[in-house]
Amino acid sequence: MDLKGKSVVVGVCGGIAAYKVVEVVSRLKKMGAEVDVIMTANARKFVTPLTFRSLSHRPVVTDMFSDPEYWEIKHVSLAQKADLFIIAPATANIIGKLASGIADDMLTTTVVATKAPVLVVPAMNHDMYANAIVQRNIRTLRELGYIFMEPDTGRMAEGSSGKGRLPEPSAIVEKACSILKSEQDLAGIRIMVTAGPTRESIDPVRYITNHSSGKMGYAVAQAARERGADVLLISGPAEVECPDGVRLISVTTAQEMEEAVLANFENSDVVVMAAAVADYRPAEVSETKIKKNGDEMVLRLVKNPDILKKLGTMKGNRILVGFSAETDDLEGNAADKLESKNLDMIVANDVTMEGAGFGTDTNIIKILKCDGTVIDLPLMSKLEAAHRILDEVRGLAYAAGDAGL
Ligand code: PMT
């Protein structure tokens, strides 16, 4: 990838892995990026500023006040020019400071002042990484939109083994490139995404559900966030982690999902319903475990609310995107739902196809739009499919821009 015209600020902290960041800077520079390095006082005990200066061909920023050679480089100007900020190795100390809003040196003041995406790459002793306070701080920063890379697992500098090693420089650069190339074309758009299954209780130990893992909906939330949208994810019990920077409301039943969706509908410009909502729930939920008394048991079910259909009756100029999980007549059934639920688009997936539908990391989708267009897509990762769906959402959102979206 050509990074010409891109500005990357690399904050280096005091950890033994600081030497690996030398290669990160070198690779980014070779790809054409302008790279500014900020070193904390402790980082300078591991690697000299001269090393980074020689590779970046830029003065290395080490101190806010004392060095007149760098007087012109104010933390605010670095914060403003950055297209991407990378903090590596990110120590428990810097993670704690940022999570608490502490800005007491050149690196922390610059990060606090930047609007650029911040990629945090932790590296530390595995027990420190597992520490509950460190993990809490990471969660806090993730919720605020900081992007984290997981440390590698392996032999640590002090001889023991565990999770805490800095990922390879090539992996860090790859992640940086994927952030830099993502267009912020959904910035300012509020997207509500639903994901996962719902669970409908029969008694305290049993429930009705379906095979949804949440992967498709979470991929839509991640892709939307990567493109700058303000994303709210309303999820049933899912197997996946909430993407960085996405607000999550966890629900269990279809009725809880309906309540959460309706409460947030007013503040949404786009709704993407990827959740596999249970169409029926047990008419009565037994307060005690139902005993197996006979050879047969009859369970009476009642209909759950059709959340998307309800949204269709009150959509205004919002964009509504549904999903359609089918086992037969994919296009016909999806087209019926597109019309009956008053949607702008529906994403149809045949859940009987290999690599498509429930639980897989990939999907095969057809996008049906209300103007009759059908976009037939091949097998691709759910994240890629999510981006293709959002390309269409962006088209509709830009067209609706004149209508006040
Ligand atoms: O989660 P994964 O394992 O990644 O699997 C992905 C998926 C197969 C669940 C996903 O791609 C998908 O197809 N989701 C929709 C599944 C579904 O419930 O389809 P449906 O045809 O029953 O519903 C049509 C639309 O109405 C959906 O947008 C659904 O969210 C919505 N709906 C359905 C029922 C209901 N009571 N209320 C609703 O809002």
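Before I look further, what does the chain give for accessible area per residue, probe 1.4 Å, in whole square angstrom?
Value for the chain: 48 Å² per residue.
From the phi angles alone, apply the Karplus equation (6.51, -1.76, 1.60; θ = phi - 60°) to region 377-389 and give each ³J(HN,Hα) in whole Hz, x where the residue is Gly or Pro.
10, x, 4, 7, 5, 4, 5, 5, 4, 4, 5, 5, 5
Considering only protein heavy atoms and a 1.4 Å probe, what is the carbon-and-sulfur percentage of the accessible area of region 190-400?
47 percent
List the residues whose amide H sits under 5 Å from the amide H of Tyr280, counting only those 5 or more places along or on another chain, with H placed 1.01 Å from N in the peptide plane.
HN-HN under 5 Å from Tyr280: Asn304.
Past 19 Å, Cα to Cα, is the threshold; run Lys29/Lys97; Lys6/Lys181; Lys20/Lys175; Lys6/Lys175; Lys215/Lys382; Lys4/Lys382 against it and keep the listed order.
Lys29/Lys97; Lys4/Lys382
Compute the convex hull volume of the Cα atoms of region 162-220, divide it by the residue count, and report the result per residue in Å³ as a whole number.
188 Å³
Among Val298, Val321, Val35, which one moves the most in a GNM of the chain with springs linking Cα atoms closer than 10 Å?
Val298
With a 1.4 Å probe and all protein chains kept in place, how do Thr252, Thr352, Thr194 rank by accessible area, largest first?
Sorted by accessible area, descending: Thr352, Thr252, Thr194.
Keeping all protein chains in position, work out how much accessible area Val240 exposes to a 1.4 Å probe, and write it in Å² to the nearest 10.
Answer for Val240: close to 50 Å² accessible.
Find, among the trypsin sites (Lys or Arg not before Pro) in region 84-145, those assigned to loop by DSSP (not H, G, I, E, B) with at most 12 other beta-carbon atoms within 10 angstrom.
Lys115
Please list, by residue number, every one of the GluC sites (Glu not before Pro) in region 257-316 that is coil in DSSP and has at most 13 other beta-carbon atoms within 10 Å.
Listed in order of number, the matching sites are Glu266, Glu284, Glu287, Glu296.
Would you list, by chain and number, the aspartates and glutamates whose Cα falls below 15 Å from the Cα of Lys45, excluding same-chain residues fewer than 8 positions away?
Result set, ordered by chain and number: Asp63.
Excluding the sites themselves, what is the longest stretch of the chain that contains no chymotrypsin sites (Phe, Trp or Tyr not before Pro) in a DSSP loop with at most 13 other C-beta atoms within 10 Å?
That gives 72-405 as the longest site-free run.
Just need log10 I(q)/I(0) for region 7-180 at q = 0.09, 0.14, 0.16 Å⁻¹, Debye formula, equal scatterers on the alpha-carbon atoms, no solvent, rounded to two decimals.
Here log10 of I(q) over I(0) equals -0.27, -0.67, -0.89.
Taking all protein chains together and a probe of 1.4 Å, list Asp376, Asp63 from the most accessible to the least accessible.
Per-residue accessible area, sorted high to low, gives Asp376, Asp63.
Tell me the GluC sites (Glu not before Pro) within region 116-200 that lie in a loop according to DSSP and have at most 11 other beta-carbon atoms within 10 Å.
Counting only loop positions with at most 11 other Cβ atoms within 10 Å, the GluC sites (Glu not before Pro) in region 116-200 are Glu158, Glu183.
Going by a ≥ b ≥ c, the root eigenvalues of the Cα gyration tensor, does the chain fall in the rounded group (a/c under 1.5), the prolate group (a/b larger than b/c) or the oblate group?
It is prolate, given that a/c is not under 1.5 and a/b is the larger ratio.
Report the gain in length on full extension from Tyr280 to Glu384: 0.36 nm times residue separation, minus Cα-Cα distance, nm rounded to one decimal.
Extending this stretch completely gives an extra 34.3 nm.
The values are calculated or read from the model by the stated rules, or taken from the named source; none is laboratory data. Quick caveat, the model's predicted, so the values are computed rather than measured. No Cβ is skipped: glycine too gets one built from the backbone with ideal geometry, and neighbour counts run over all protein chains shown. All accessible areas refer to the heavy atoms of the entire protein, side chains included, with ligands and DNA or RNA removed. Shrake-Rupley method; radii C 1.70, N 1.55, O 1.52, S 1.80 Å.
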